[in-house]
Amino acid sequence: MVLVGLMGAGKTTVGRRLASRLGIPFRDADTEVERAAGITISELFARYGEAEFRRGEQGVIRRLLSGPPIVLATGGGAFMDPLTRAAIRDAATSVWLRCPLDVLVRRVSGRQHRPLLDGARPREVLAALMERRQPVYAEADLTVDCGSDGPDHTTAKVLEALDAHAAPHRLAVALSRARYEVVIGSGLLARAGALLAPVLSQQGVQHRAVIVTDETVARLHLPALLASLAETGIAADSIVVAPGEASKSLATFGEVTDRMLALGVERRTAVVALGGGVIGDLAGFTAATVLRGLPFVQIPTTLLAQVDSSVGGKTGINTRAGKNLLGAFHQPIAVLADTAVLATLPPRELRAGYAEIVKAGLIGDPALFAWCEANGAALLAGDPALLADAVLHACAFKAAVVGDDEREEKPSDGRALLNLGHTFAHALEAEMGYDGTLLHGEAVGIGLVLALRLSVRLGLCPAEDANRLERHLRGVGLKSTIAECGRPAAATALLAHMRRDKKMRDGRLAFVLVRGIGCAFTSRDVEPEDVLAVLTGEPERMADMSPDLSRP
């Protein structure tokens, strides 16, 4: 554990008590630097200057963090060094002891051996240091406010904060030319600034952002995000659009682009998508096109976006001809998935996102599908631990697939497998008109059933696997048939939408099929007659067919 903060915050006094309570050694970075140099901090400053002192301090802190567990109190400027900060982030839990200015002034007045206070007025020096350093201290893992209550009270508050602290999960999406992290955990929105500030610095991005969100999400979550970014010195503007699939349009794209340019964005200004899949796709496509590409951050607020659309870099908008027909691959520089915000979702939205978790199991993880069967009802009832597990597993699955085939260039069985059920789903959405009658996740659920029914019809998959999927979706309250879409959908009309799908090649329809749960593959050998038969429903024929598992 590493304590950071301004001089006078009580790092050494509190650190000794924490070490005693935790049963591990205490170390003071300043004392260790003096021991290594053989002279005092004041003499180091006088002889070599602050820059040389910081280099030595960095080496001492790295050495201390490479050893057994300790409580380490750092000097007030140590955390300001980017390399030292990175070393602490990698090896320890950092705690910022945040203290009011009046208390700090009282504690340091009259003390010796404070090089930064030599010949200066403590209040003026501390006020200037506070303004400069507090946005960086805010990057610490934990912030504990301490005043004049005494070190024992502060120690107790730090221990309480440690007990409540759950380090987020971090998944790496490793691509051929880039790498970014998907951070998953509860309460990340309040720490978005602390999590994003080091990423922006590492990527050479301005500490400035334009947040794109919708009216519903803005009301629920935008204030918390703005406050968090401001705490770490990230300036932010926001662009708020209407909620719903209708905002994934050329008209809204034009409005967002115009407003972004009017704000004077530069190529190093970050675009932050705060919302569900619609906002992620819209903001991502805007980021991909404005000034030929801006850095992009995903903060998904729906289950569907957290488990699927926020990871992988696919962005786009809809046209009258179909879904996502204008788009670009534009990878985010970070994804923050705060599972706590899922508690604000309507049950229907939560169920719609759940379909994408089921999809991951159907594609290549039969154990995940079995987990869904056992836990899906409790997950959708809002169990936070199960939600976090589901997001983690689904994101890990997608990160592996995307890392292996970023731009869907493999001829078969690469990233295209993630389209299981989507050829049907996109056709259903286009026929329904993107007016909220059918949510994307609901369409995916129906599409998954139709994809398995088509696999059964072609003799590839046991009928019981399709029945098992349909039973599960019905059991958790998801739609599973075209008849449940909300209005009639003719099979010929749906097939016409499929012919305009972006995955068409040489006039052939593309489908992801399965040889059973967890065994998906891509195919362009599907005849329109078979698709029409599945869309119109021929259950007797499908149930009577026995699978020919030797068929390619």
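Laboratory data are not the source of any read-out in this text; all were calculated from the coordinates shown. Keep in mind the model is a prediction, meaning the values are calculated, not measured. Counting neighbours? That spans all protein chains shown, and the Cβs are built from the backbone with ideal geometry, glycine included.
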In cubic angstrom per residue, the convex hull of the chain built on its Cα atoms measures 163
Length-normalised contact order of the range 154-247, Cα under 8 Å, at least 6 apart, in percent, tallies to 25
With 0.36 nm assigned to each residue of separation and the Cα-Cα distance removed, Arg500 to Arg170 gains 115.0 nm
For the range 390-544 the mean separation of alpha carbon contacts under 8 Å (6+ apart) over residue count, i.e. relative contact order in percent, is 27
Under the Karplus relation with 6.51, -1.76 and 1.60 and θ = phi - 60°, whole-Hz ³J(HN,Hα) for the range 453-465, x at Gly and Pro, equal 5, 5, 4, 5, 4, 7, x, 9, 9, x, 4, 5, 5
Magnitude of the Cβ-charge dipole (Lys and Arg +1, Asp and Glu -1) of the range 493-540 about the Cα centre, nearest 20 debye, reported as 440
Expected unfolding gain across Glu131-Arg35 under the 0.36 nm per residue rule, minus the alpha-carbon gap, is 31.4 nm
Those GluC sites (Glu not before Pro) from the range 250-351 that are DSSP loop and have at most 12 other Cβ neighbours within 10 Å turn out to be Glu266
Residues of the range 242-260 with backbone N under 13 Å of the label point set 7 Å from the Cα of Leu325 along Cα→Cβ are 250
Spelling it out for Gly75: with amide H atoms placed in the peptide plane at 1.01 Å from N, the residues 5 or more places away or on another chain with amide H under 5 Å from its amide H are Ala29, Asp30
In nm, the gap between the two label points placed 7 Å beyond Cα toward Cβ at Thr12 and Glu160 is 2.8
Relative contact order as a percentage, the chain, C-alpha pairs under 8 Å and 6+ apart, gives 11
Per the charge dipole of the chain (beta-carbon charges, Lys/Arg positive, Asp/Glu negative, Cα centre), the residue among Val278, Val290, Val240 reaching farthest to the positive end is Val290
At R0 = 45 Å the Cβ-Cβ FRET efficiency linking Arg21 and Arg474, nearest 0.05, sits at 0.25
Dipole check, the range 8-136, charges on Cβ (K,R +1; D,E -1), about Cα centroid: among Met130, Ser94, Gln58 the Cα furthest to the positive pole belongs to Ser94
Note: Ser201 to Asp90 extended length (0.36 nm per residue) minus current alpha-carbon separation gives 38.4 nm
The farthest towards the positive end of the charge dipole of the range 169-345, of the residues Ile299, Val173, Leu195, given +1 on Cβ of Lys and Arg and -1 on Cβ of Asp and Glu, is Val173
Those trypsin sites (Lys or Arg not before Pro) from the range 308-338 that are DSSP loop and have at most 10 other Cβ neighbours within 10 Å turn out to be Arg320
For the chain, the dipole about the Cα centre with charges only on Cβ (Lys and Arg +1, Asp and Glu -1), to the nearest 20 debye, works out at 1220
With +1 on the Cβ of every Lys and Arg and -1 on the Cβ of every Asp and Glu, the dipole magnitude of the range 2-164 about its Cα centre, in debye rounded to the nearest 20, is 200
Under the Karplus relation with 6.51, -1.76 and 1.60 and θ = phi - 60°, whole-Hz ³J(HN,Hα) for the range 195-212, x at Gly and Pro, equal 6, 8, 3, x, 5, 4, 5, 5, 8, x, 9, 4, 7, 8, 9, 10, 8, 10
Under the rule rounded for a/c under 1.5, else prolate if a/b exceeds b/c, else oblate, using alpha carbon gyration tensor axes a ≥ b ≥ c, the range 169-345 is classed as rounded
Surrounding charge for Gly316, neighbours by C-beta under 11 angstrom, Lys/Arg +1, Asp/Glu -1, total +3
Whole-Å distance linking the alpha carbon centroid of the range 243-289 with that of the range 373-397 is 30
The range 390-544, Kirkwood Rh and Cα Rg, ratio Rg/Rh at 0.94
So, for the Cα atoms of the range 2-164, Rg and Dmax in Å stand at 14.9, 44
Pseudo-spin-label distance Asp404 to Ala378, built 7 Å along Cα→Cβ, given in nm, is 3.0
Proximal lysine pairs in the chain, meaning Cα under 12 Å and 8 or more positions apart or interchain, come to 4
In whole angstrom, the spacing between the Cα centers of the range 75-90 and the range 148-182 equals 15
Placing each pseudo-label 7 Å from Cα in the direction of the beta carbon, Leu220 and Leu532 end up separated by a distance in nanometres of 4.3
The summed charge of the Leu274 Cβ neighbourhood (under 15 Å; Lys/Arg +1, Asp/Glu -1) stands at -3
